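J.: My questions will all concern the structure given below.
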Amino acid sequence: MRPPHRLAPAWGPRQKAWVGILGGRRANKAGKKGMGVVARLLGLGLLLGLAWAQILPPEGGLYVYSDGTVQALEAVEGGYRLAYRRDGKVFREDRLRFGAEGIYLEGVALPKGFFPFAPPLLLYPKRLVLGASWSGNARFQEQRVALAVRVEGVEGVRVPAGRFNAYRLRVAFTTERGGADVKLLYLVPGLGVVAFQAGEGLVGLVRFSAP
């Protein structure tokens, strides 16, 4: 099967870039109070792509989504910082680094402080192929958490930024205390996540701007 590609141009060649996605804001509230909040953390910050050298723009960029979330990707030594804004305020920042196997999430900065994953979670390997799956677990906020991802297929999707053929990925994040968050994400190689599941609907990419 040929790899997915954009069907309708939405911006110029220099602006083609990987898009970090934040996922939805809802999770199953199983287990003790607050565990759903922990499960949402990774659902908010999963980063998708092919080889990291291909999907993350070296200079970073600004991404706007239809739910009002704005993501600012900043290149730093050895990785990136991805800040999430709503109503002009940063409510989360992901710390990313590049490793031998792909992209790792080192931790999340929230208003209450920085919370690391021990060890850092492999979010996405260097290669994304149909049928591929990967998983990992780590210590996070005083409990064990687990991430599992599967590439389910290719699907056409329409968002404000245009029409795309995208890889459909099912992403599950769970905690040992009962929290769970399962989402569908839609990824276009060379661009990034163009849509993600939020409740009963999809949140789509509106526009990207280079710095």
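J.: Would you list which aspartates and glutamates come within 14 Å of LYS183, measuring only between C-alpha atoms, while excluding same-chain residues fewer than 8 positions from it?
T.: GLU152, GLU200
J.: Please compute the length gained on full extension between ARG158 and ARG207, using 0.36 nm multiplied by the number of residues separating them and subtracting their Cα-Cα distance.
T.: Details: separation 49, 0.36 × 49 = 17.64 nm, distance 1.32 nm.
Taking 0.36 nm per residue and subtracting the Cα distance, the gain is 16.3 nm.
J.: Also, quick follow-up: Please give me, ordered by residue number, the GluC sites (Glu not before Pro) of the stretch 114-211 that lie in loop per DSSP and have at most 11 other Cβ atoms within 10 Å. It would help to have the intermediate numbers written out before the result.
T.: Numbers: sites: GLU142, GLU152, GLU155, GLU176, GLU200; in loops: GLU142, GLU176, GLU200.
Sparse-neighbourhood loop GluC sites (Glu not before Pro): GLU142, GLU200.
Quick note: the coordinates plus some simple rules give every number you see, no bench work behind them. For clarity, every value in this text was computed on a predicted model and none was experimentally measured. Note that each Cβ is placed from the backbone with ideal geometry, even for glycine, and that neighbours are counted across all protein chains shown.
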